[in-house]
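**Student:** I'd like to ask some things about the structure below.
The values are calculated or read from the model by the stated rules, or taken from the named source; none is laboratory data. Worth saying up front: this structure is predicted, and the values here are computed from it rather than measured. With ideal geometry, Cβ positions are generated from the backbone for all residues, glycine too; neighbour counts draw on all protein chains shown.
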């Protein structure tokens, strides 16, 4: 969860696919629960991951990456929290950070935080705790009562929080994991706060690698809910990030937004749709020559794409320059 802790321990590998036999062995043959479980809180874990790959190159949190010309990952969480809060105003959506976001990143012209009282952005209460330790501390503050819906912040959600809660509630268990159609564990789970007593009170503890195996060994039920589709698209690598942007573009194609006022963009921004193929997300502050081609790519603020250059399925980072006539394919340019 914390950057310092992540630097001391290797990044935890993803949970393995769970076979039918394995599911039976951890108590998944129990009768499903009919009604959605009432929640104490929605916990969105946004701690820094190990500085590597895409996020190291762009030098910013995944929350601050654009998904479209109008929307960042943080803004989609504001939207999802507001959507959930209209149905469940008493359930907070808590976005946990291990370092503060820049103040300007909290200012959303389309949906400011003041219009989303359900979303609470806060710092981790204790350093060096990991996901397991953090969830223990949050549950302890609730006297280990109720349920948490826990999600990874570094993703573009594909379905509403309410639908995730309902699907996870349909299986039995003290911990309920979401999987996609292939059986791969997804980035969402329902956790009974009572079982979080088993996590250590001090020290670093990873939920997937330490708490979950311990719970299974001690007889707690671990349920697996197969979702109608993946809960979200993770954002860690270039390929994953561009896949999330593609999904956002598809969503916008079904629900088009009005074009922004050109007066709000500086003269260096390339906003003309006539020269683009596929999609192109170009942040305000990026400079793209009108003769350049940007195809299925993201150009971040501070980047420059010179005349007659071509950028294809790539991310161009702040301060990077794609020189005149250059062709960039399948790359992170920094």
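**Student:** Can you pull out every residue in the range 187-212 that is farther than 16 Å from residue 43 by Cβ and crowded, with 20+ Cβ neighbours inside 10 Å?
**Tutor:** Selection gives 204 alone.
**Student:** Would you check if there is a residue in the range 170-184 being in a strand (DSSP E or B) and over 22 Å from residue 220 (Cα atoms)?
**Tutor:** No, the range 170-184 contains no residue that is in a strand (DSSP E or B) and over 22 Å from residue 220 (Cα atoms).
A quick yes/no check of all residues on (1) within 23 Å of residue 134 (Cα to Cα); (2) out of contact with any strand residue (DSSP E or B) (no Cβ under 7 Å at 6 or more places or on another chain); (3) in the same structural domain as residue 204 (by TED's automatic domain parsing):
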{"position": "69", "(1), (2), (3)": "no, no, yes"}
{"position": "76", "(1), (2), (3)": "no, no, yes"}
{"position": "83", "(1), (2), (3)": "no, yes, yes"}
{"position": "90", "(1), (2), (3)": "yes, yes, yes"}
{"position": "93", "(1), (2), (3)": "yes, no, yes"}
{"position": "97", "(1), (2), (3)": "yes, no, yes"}
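**Student:** List pairs: first residue in the range 88-102 and farther than 17 Å from residue 126 by Cβ, second residue surrounded by fewer than 19 Cβ atoms within 10 Å (Cβ to Cβ) and at pLDDT 75 or above anywhere in the structure, Cβ distance under 6 angstrom, at least six positions apart or on different chains.
**Tutor:** Hits for this filter: 92/120.
**Student:** A further question follows. Would you confirm, using the coordinates I've provided, whether residue 323 is touching a residue at least 12 places away in the same chain (Cβ under 8 Å) and buried (at least 20 other Cβ atoms within 10 Å of the Cβ)?
**Tutor:** Judged against the criteria, residue 323 is not a match.
**Student:** Within the set of pairs 6 or more residues apart or between chains, which connect a residue that is free of Cβ contacts under 8 Å to residues at least 60 places away in the same chain inside the range 163-175 to a residue that is assigned to a helix (DSSP H, G or I) with Cβ atoms less than 6 Å apart?
**Tutor:** Hits for this filter: 174/195.
**Student:** Also: Going by the structure shown, is residue 187 in a strand (DSSP E or B) and within 25 Å of the chain's Cα centre (by Cα)?
**Tutor:** So residue 187 passes the test.
**Student:** Follow-up question, since we're still on this one. Looking only at strands (runs of 3 or more DSSP E) that lie completely in the range 231-304, which have at least 2 residues being at pLDDT below 90?
**Tutor:** The strands (runs of 3 or more DSSP E) meeting that bar are 277-282.
**Student:** Same structure, new question: Exactly one condition in (1) at pLDDT below 95; (2) under 25 Å from residue 180 (Cα atoms) is false for residue 39; which is it?
**Tutor:** Against the list (1) at pLDDT below 95; (2) under 25 Å from residue 180 (Cα atoms), residue 39 comes up short only on (1).
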